[in-house]
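To start, the structure itself, in structure tokens.
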Amino acid sequence: MTAEKFPIEAGHILLFSRAVGDPNPIYSDEDYAAASEVGSIIAPPTFVQSSAQFDPDYFLRPKIDQPWFGSGGEPTGIKKEKKEGESSGAAAGGLHAEQHYEYHRHIKPGDVLSATTFPGETWEKESKRAGKLTFSESITEYRDQDGELVITARGVGVRTEKIIEG
Amino acid sequence: MPKLKAADLTVGDTHTEVLVEDLKRTQLVQYAGASGDYNPVHTDEVFVTQVAGYPTVFAHGMLTMGLTGKLVTNLVGDGTLTNYGVRFVSQVWPGDTLTGTAEIVAIREEGGQHLVDLELTTVNQDSQKVITGTATARIDA
């Protein structure tokens, strides 16, 4: 995830908190938040994942004038022969294995973050259910408008040889 | 919600909440729109069944982490988390009912700051683990 400018906005926080089913007024009610110990609206713990919205190259967002792999008139937007037993997860960018956040401070509307991602380690594991698993780690540093590190994120993705169900 | 107090906490105590009942496909659409992860495996039944080869769409792992985050912040209060991490164990499907449990595993002090460590487990209606994780939050003495 790389974004030069990830503006933290109250409306986006509201939509995100609804999507994760969290009615906590600290995510939506300015007056409640002002009177709380925190002092302002803050973002839910996993909110920075939505920096994807501000990553110009994020590959899981349809882009104007570019082919998309979701269905239209055809089951897939991209004409591609699927090989027998090929991992669908790979076609869709793999599966998410782990996600970790370290909070240096909690972000609030008005902050403008930058997100910079560095590759971490990669490793392999054999699984009876899914064949060879290839794990790869990435570290994303979220910095605020003053260059201060606010959140460090560590994600681990996995590509499987076979489809896993449940 | 005020910060928790170390004196009020006991290692081994647990907090359990139902995080979502009968998860709807619409909530997956809602999460895709808010988070910006439009991977069709989460929202496009035609793609996911005919091309990707899954029985139906499935939840973003990050939606399950977000739902579990509610359990954590309901327990430790707002703006107190210092660490939150999960491992995605099993997929979450439409129709699932998820229940999360946080167990207090340590109450400690680091550099003058009191902290609580939690172990997290979220299960589906069949008691199958969907994520496991840990969280640490600041507490008062």
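Just give me the residues in region B:26-38 being open to solvent by 10 Å² or more (accessible area, probe 1.4 Å) and either over 16 Å from the mean Cα position of the chain (by Cα) or among the acidic types (Asp, Glu) (or both), in sequence order. Break it down into steps so the answer makes sense when it comes.
Quick first cut of region B:26-38, residues open to solvent by 10 Å² or more (accessible area, probe 1.4 Å) only: B:26-27, B:29-30, B:33, B:37-38.
Passing the criteria: B:Thr26, B:Val29, B:Gln30, B:Gly33, B:Asp37, B:Tyr38.
Out of region B:1-20, which residues are facing chain A (nearest Cβ under 10 Å) and under 18 Å from B:Met65 (Cα atoms)? Before you say what the answer is, go through the steps one by one.
As a first pass, look at region B:1-20 and keep what is facing chain A (nearest Cβ under 10 Å): B:1-3, B:19-20.
The answer is B:Leu19, B:Val20.
Here's a check for you: in region B:35-57, which residue that is more than 7 Å from chain A (Cβ to nearest Cβ) and hydrophobic (A, V, I, L, M, F, W, C) is nearest to A:Gly73 (Cα to Cα)?
Residues of region B:35-57 more than 7 Å from chain A (Cβ to nearest Cβ): B:42-43, B:45, B:48-49, B:56-57.
Still in the list and also hydrophobic (A, V, I, L, M, F, W, C): B:48, B:57.
Working: B:Val48: 15, B:Val57: 19 Å.
Among those residues, the one meeting the criterion is B:Val48.
State which residue is nearest to A:Gly155 (Cα to Cα) when the search covers only region B:39-65 and only residues that are of a type in the set (S, T, N, Q) and either touching a strand residue (DSSP E or B) at 6+ places or on another chain (Cβ under 6 Å) or open to solvent by 30 Å² or more (accessible area, probe 1.4 Å) (or both). So that I can check it myself, show each step before the final result.
Kept after step one, since they are of a type in the set (S, T, N, Q), are these residues of region B:39-65: B:39, B:43, B:49-50, B:56, B:64.
Within this subset, residues satisfying the condition of being either touching a strand residue (DSSP E or B) at 6+ places or on another chain (Cβ under 6 Å) or open to solvent by 30 Å² or more (accessible area, probe 1.4 Å) (or both) are B:43, B:49-50, B:64.
Numbers: B:Thr43: 22, B:Thr49: 27, B:Gln50: 29, B:Thr64: 15 Å.
Filtering region B:39-65 for residues that are of a type in the set (S, T, N, Q) and either touching a strand residue (DSSP E or B) at 6+ places or on another chain (Cβ under 6 Å) or open to solvent by 30 Å² or more (accessible area, probe 1.4 Å) (or both), the one nearest to A:Gly155 (Cα to Cα) comes out as B:Thr64.
Looking only at region A:89-112, which residues are in contact with a helix residue (DSSP H, G or I) (Cβ under 7 Å, 6 or more places away or on another chain) and either at pLDDT 95 or above or away from chain B (no Cβ under 12 Å) (or both)?
A:Gln99, A:Pro109
Looking at B:Gly79, B:Gly85, B:Gly95, B:Gly100, which is the one that is in the same structural domain as B:Gln128 (by TED's automatic domain parsing), small (Gly, Ala, Ser) and touching a helix residue (DSSP H, G or I) at 6+ places or on another chain (Cβ under 7 Å)?
Checking each option against the conditions leaves just B:Gly100.
With respect to A:Val48, is the statement that it is modelled with pLDDT of 95 or more and at the interface with another protein chain (Cβ under 8 Å from one of its Cβ atoms) true? Spell out how you get there, then give the answer.
Numbers: modelled with pLDDT of 95 or more: yes; at the interface with another protein chain (Cβ under 8 Å from one of its Cβ atoms): no.
Answer is no for this residue.
When the residues of region B:100-116 are filtered to those that are open to solvent by less than 40 Å² (accessible area, probe 1.4 Å) and either in contact with a Gly (Cβ under 6 Å, 6 or more places away or on another chain) or closer than 27 Å to B:Glu21 by Cα (or both), which remaining residue is farthest from the other protein chains (Cβ to nearest Cβ)? Reasoning before the result, please.
First, pick out the residues of region B:100-116 that are open to solvent by less than 40 Å² (accessible area, probe 1.4 Å): B:100, B:102, B:104, B:106, B:115-116.
Now drop any that are not either in contact with a Gly (Cβ under 6 Å, 6 or more places away or on another chain) or closer than 27 Å to B:Glu21 by Cα (or both), which leaves B:100, B:102, B:104.
Details: B:Gly100: 12, B:Ala102: 13, B:Ile104: 18 Å.
Per the criteria, the residue is B:Ile104.
Might you let me know whether region A:11-34 holds any residue that is of a type in the set (Val, Ile, Thr) and at pLDDT below 95? I'd like the intermediate steps shown before the answer.
Restricting attention to region A:11-34, the residues satisfying the condition of being of a type in the set (Val, Ile, Thr) are A:13, A:20, A:26.
Remaining after also requiring at pLDDT below 95: none.
For region A:11-34, residues of a type in the set (Val, Ile, Thr) and at pLDDT below 95: absent.
Looking at the structure I just gave you, is A:Ser50 closer than 23 Å to B:Ala135 by Cβ and open to solvent by less than 10 Å² (accessible area, probe 1.4 Å)?
Working: closer than 23 Å to B:Ala135 by Cβ: yes; open to solvent by less than 10 Å² (accessible area, probe 1.4 Å): yes.
Answer is yes for this residue.
Kindly indicate whether any position in region B:66-84 is surrounded by 20 or more Cβ atoms within 10 Å (Cβ to Cβ), closer than 27 Å to A:Lys63 by Cα and at the interface with another protein chain (Cβ under 10 Å from one of its Cβ atoms).
Within region B:66-84, one or more residues are surrounded by 20 or more Cβ atoms within 10 Å (Cβ to Cβ), closer than 27 Å to A:Lys63 by Cα and at the interface with another protein chain (Cβ under 10 Å from one of its Cβ atoms).
The values are calculated or read from the model by the stated rules, or taken from the named source; none is laboratory data. Remember, predicted model here, so these are calculated numbers, not experimental data. Positions of Cβ are backbone-derived with ideal geometry, glycine not excepted, and every protein chain shown enters the neighbour counts. With ligands, DNA and RNA removed, areas are computed over all heavy atoms of the protein, side chains included. Shrake-Rupley method; radii C 1.70, N 1.55, O 1.52, S 1.80 Å.
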